[in-house]
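The values are calculated or read from the model by the stated rules, or taken from the named source; none is laboratory data. Only a predicted model underlies this, so the values are computations on that prediction, with no experimental measurement involved. Here the Cβ positions follow ideal geometry from the backbone for every residue, glycine too, while neighbour counts run over all protein chains shown.
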Amino acid sequence: MITPPEPGLTPPEMLRRAEVLRPVLRARQDHCEELGRLPEETNQDFINAGFYRLLQPRRFGGYELSVTDFIRVMIEVSRGCSESGWVLSLTTGHPAAFVAGFEERAQCEVYGETGDFRAPGVAIPGGAAIPVPGGYMAKGTWDYCSGCDIATHFLGAVMVIDPATKAPQAYAYALVDRKDFTIIDNWNMLGMQGTGSRRVVVEEMTLPSHRVLAFGDPAMQKMYPGPGRALFDNPLFHGPTLPLLMCEMASVAVGAARGALDLYEENLREKKWLLPPFPPRYEMQDFQRNYGNAQGLTDTAEAALLRLGDDYMQMARAVMEGTPATLEVQRKFMRAGQQCVQLAWEAVELMFRTAGTSSSRKNSPLGRYFKNLAVLRTHPVAQWDHTSTNVARLHFGVPPLSGF
């Protein structure tokens with residue numbers, strides 16, 4: 001049992017700390033982007049605030065708050081800097097989404113004596129794990145590992161390969177120590193540059209069996225909960241993984257829309273129209289309409305996402321009590337989360353388009369939110385066309401397509 005650094009830390013205090021950090025993160029946006037990774041001072045701020053422990057089990061030094069609390073904090077952080085928020089959100093969600101499923105021995109190892117734990121990961125299989133005496137022979141290369149520079153561990157999706165037939169047996173996760181992987185800087189993107197989503201390489205090594213968790217069948221149409229979840233009596237650690245990943249992503253999108261709305265309001269208050277009598281923009285009906293529409297889209301996205309946070313905890317409670325979350329239920333949840341991302345994108349696109357050409361400058365803060373959301377929407381989990389098809393197929397009793 002590890003005592004968390006602040007045993008009495010409450011959700012309101014966690015949110016207050018995020019609000020205090022918001023202007024600090026906003027001031028560091030240029031530095032974060034230029035650095036191409038999360039600045040070390042920001043990483044330390046997140047450690048000091050307890051953010052990485054938000055969904056971490058209390059028995060391993062975390063605060064195990066609710067998914068709704070997690071969403072609120074991630075929105076606020078992403079409002080200050082969406083790149084920093086992306087790294088934080090995807091790293092903070094993993095103790096509940098993935099690590100809770102590993103055997104107790106693995107969890108004891110990675111949380112150590114202090115509970116200081118950060119394991120970003122990649123959900124697309126980039127490696128293989130072949131059963132050998134005592135564990136698995138594993139190796140792989142994974143692109144797009146957001147936050148790998150500040151990691152204590154890495155979660156890499158692998159295919160477990162039958163040594164006789166060479167056929168994939170299961171989709172699994174390998175939990176690797178920081179000393180056992182290297183980082184290649186190949187991250188050079190239009191947006192989200194500050195996430196440091198670089199390539200992680202694990203050379204051939206033997207992992208003990210408790211460090212490889214079978215997560216589902218090769219096509220990810222059947223999910224395995226993992227033996228470690230029996231350790232916990234909090235529903236948080238019993239919910240399905242993909243809906244929680246959707247909450248991680250959507251929180252950043254909604255936070256980016258909130259940050260863009262802050263900047264758009266500044267734009268309307270400070271700038272004047274370009275023709276006589278040069279009124280302030282906020283006095284003009286077109287800009288008032290734009291602001292109202294952007295605010296409405298953002299408010300709706302946030303309200304829906306917070307409701308999904310509550311729904312997730314209810315779904316997790318049902319799973320813990322013996323009612324599985326069906327594939328249809330999970331895909332419907334994900335489709336609703338994708339709609340939150342879409343609403344946030346529509347709000348940011350509207351503000352970017354109407355704020356003026358200055359928003360297209362290379363280091364424009366508003367332009368940065370636009371670029372970052374444009375890249376965020378390319379993530380496989382955000383592809384709502386595919387999910388919509390699977391929602392309908394499952395509803396009508398037709399087998400779903402492979403993937404999300």
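Please determine whether any residue of region 112-121 is touching a Phe, Trp or Tyr at 6+ places or on another chain (Cβ under 9 Å) and not in a loop (DSSP other than H, G, I, E, B). Taking every residue of region 112-121 in turn, at least one turns out to be touching a Phe, Trp or Tyr at 6+ places or on another chain (Cβ under 9 Å) and not in a loop (DSSP other than H, G, I, E, B). Only residues that are buried (at least 17 other Cβ atoms within 10 Å of the Cβ) and without any contact (Cβ under 8 Å) to a residue 40 or more places away in the chain were counted across region 158-194, and they come to 4. Checked against (1) of a type outside the set (Gly, Ala, Ser); (2) within 27 Å of Ser82 (Cβ to Cβ); (3) surrounded by fewer than 19 Cβ atoms within 10 Å (Cβ to Cβ), Phe396 meets all criteria but (2). Screening Ala355 with (1) buried (at least 18 other Cβ atoms within 10 Å of the Cβ); (2) under 22 Å from Gly85 (Cα atoms); (3) of a type in the set (A, V, I, L, M) gives one miss only, at (2). Pro95: over 21 Å from Ser146 (Cβ atoms), touching a residue at least 12 places away in the same chain (Cβ under 8 Å), buried (at least 23 other Cβ atoms within 10 Å of the Cβ) and not acidic (Asp, Glu), yes or no? Spelling it out, it is not the case that Pro95 is over 21 Å from Ser146 (Cβ atoms), touching a residue at least 12 places away in the same chain (Cβ under 8 Å), buried (at least 23 other Cβ atoms within 10 Å of the Cβ) and not acidic (Asp, Glu). State whether one or more residues within region 334-348 are assigned to a strand (DSSP E or B) and either modelled with pLDDT under 95 or surrounded by 17 or more Cβ atoms within 10 Å (Cβ to Cβ) (or both). The answer is no; no qualifying residue exists.
Test Tyr312 against the stated conditions and say whether it is under 26 Å from Gly196 (Cα atoms), of a type in the set (Phe, Trp, Tyr) and modelled with pLDDT of 95 or more.
Answer is no for this residue.
Restricting attention to region 178-228, the residues being over 29 Å from Ser402 (Cβ atoms) and assigned to a loop (DSSP other than H, G, I, E, B) number 3.
Among the conditions (1) over 12 Å from the mean Cα position of the chain (by Cα); (2) in contact (Cβ under 8 Å) with a residue 60 or more places away in the chain, the only one that Ser82 does not satisfy is (1). Would you check if Glu248 is assigned to a helix (DSSP H, G or I), crowded, with 20+ Cβ neighbours inside 10 Å and not small (Gly, Ala, Ser)? Spelling it out, Glu248 is indeed assigned to a helix (DSSP H, G or I), crowded, with 20+ Cβ neighbours inside 10 Å and not small (Gly, Ala, Ser).
Reported count of residues in region 32-79, each being among the polar types (S, T, N, Q) and under 12 Å from the mean Cα position of the chain (by Cα), is 1. Looking only at region 66-120, residues that are touching a strand residue (DSSP E or B) at 6+ places or on another chain (Cβ under 9 Å) and over 29 Å from Thr298 (Cβ atoms) come to 19 in all.
Of all residues in region 139-151, those that are farther than 18 Å from Gln193 by Cβ have Cβ atoms under 9 Å from Cβ atoms of residues that are among the polar types (S, T, N, Q) and modelled with pLDDT of 95 or more, 6 or more apart or on another chain, in Ala151/Thr91.
The set of residues from region 324-333 being modelled with pLDDT of 95 or more and part of a loop (DSSP other than H, G, I, E, B) is empty.
Conditions tested, residue by residue: (1) part of a loop (DSSP other than H, G, I, E, B); (2) modelled with pLDDT of 95 or more; (3) in the same structural domain as Glu41 (by TED's automatic domain parsing); (4) under 30 Å from Asn372 (Cβ atoms).
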site	(1), (2), (3), (4)
Cys108	no, yes, no, no
Gly156	no, yes, no, yes
Tyr171	no, no, no, yes
Val176	no, yes, no, yes
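Taking the condition in contact with an Asp or Glu (Cβ under 9 Å, 6 or more places away or on another chain) and more than 22 Å from Ile71 (Cβ to Cβ), does Pro324 pass? So Pro324 does not fit the description; no.
Does Glu270 satisfy being of a type in the set (D, E, K, R), surrounded by fewer than 20 Cβ atoms within 10 Å (Cβ to Cβ), under 25 Å from Gly367 (Cα atoms) and modelled with pLDDT under 95? The answer is yes for Glu270. Summed over region 100-131, residues that are over 20 Å from the mean Cα position of the chain (by Cα), among the β-branched types (Val, Ile, Thr) and closer than 28 Å to Ser402 by Cβ total 1.
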